[in-house]
1. Apply the Karplus parameterisation 6.51 cos²θ - 1.76 cosθ + 1.60, with θ equal to phi minus 60°, to every residue of the range 60-70 and state each ³J(HN,Hα) to the nearest whole Hz, in sequence, with x for glycine and proline.
2. Short version: ³J(HN,Hα) in whole Hz for each residue of the range 49-58, in order, from phi by Karplus 6.51 cos²θ - 1.76 cosθ + 1.60 (θ = phi - 60°), x for Gly and Pro, what are they?
3. Any idea what Rg and Dmax come out to for the range 1-42 if you just take the C-alpha atoms, in Å?
4. Explain nothing, just compute: Karplus ³J(HN,Hα) = 6.51 cos²θ - 1.76 cosθ + 1.60, θ = phi - 60°, for every residue of the range 24-40 in order, whole Hz, x for Gly and Pro.
5. Could you put Glu61, Glu39 in order, starting from the residue whose Cβ has the fewest other Cβ atoms within 10 Å?
6. Only bridges with both residues in the range 5-79 count here: give the DSSP antiparallel percent, nearest 5.
7. What do you get for Rg/Rh over the range 5-79 if you use C-alpha atoms and the Kirkwood form of Rh?
Amino acid sequence: MCLAVPGKVMEIDPAADPPMATAQFGGVRQRICVAWVPEVKVGDYVIVHVGFAISRLDEEEAMKTLALLGEGETQEARSPDQDTSRERHRDTQ
């Protein structure tokens with residue numbers, strides 16, 4: 001399964017080729033490629049997939065998405081006995 005998550009652009013490296021920026025995901029900062037969103041500015045939110053910003057989005061939409069991702073983490077934490085493929089595989093060994 002693939003996942004793209006919103007991050008806030010904290011700084012842009014104007015000398016980098018391809019264009020790079022630093023984005024914040026919660027408390028984690030990560031260097032990302034912004035070649036596909038050349039209009040991005042510091043303070044913008046972008047959707048990032050495997051280190052590449054693939055689109056911009058407004059702050060309201062970013063907050064909604066982050067809240068949904070947080071709900072998923074909370075639900076997962078409440079269901080420790082949830083059957084996952086990894087657990088099934090481990091039990092069969």
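Since every read-out is calculated from the coordinates, none of them should be taken as a lab result. Keep in mind the model is a prediction, meaning the values are calculated, not measured. Reconstructed Cβ throughout: ideal geometry from the backbone, glycine too, with neighbour counts over all protein chains shown.
1. Using θ = phi - 60°, the values come out as 4, 5, 4, 5, 4, 5, 5, 5, 5, 5, x Hz.
2. Those phi angles translate into 10, 6, x, 10, 6, 10, 6, 8, 8, 6 Hz.
3. Cα radius of gyration and Dmax of the range 1-42 are 10.5, 34 Å respectively.
4. My calculation for the range 24-40 gives 10, 10, x, x, 10, 9, 9, 7, 10, 8, 10, 4, 7, 10, x, 7, 5 Hz in order.
5. Fewest-to-most ranking of Glu61, Glu39: Glu39, Glu61.
6. Restricted to the range 5-79, the bridges split so that about 95 percent are antiparallel.
7. With Rh from the inverse mean 1/r over Cα pairs, Rg/Rh is 1.03.
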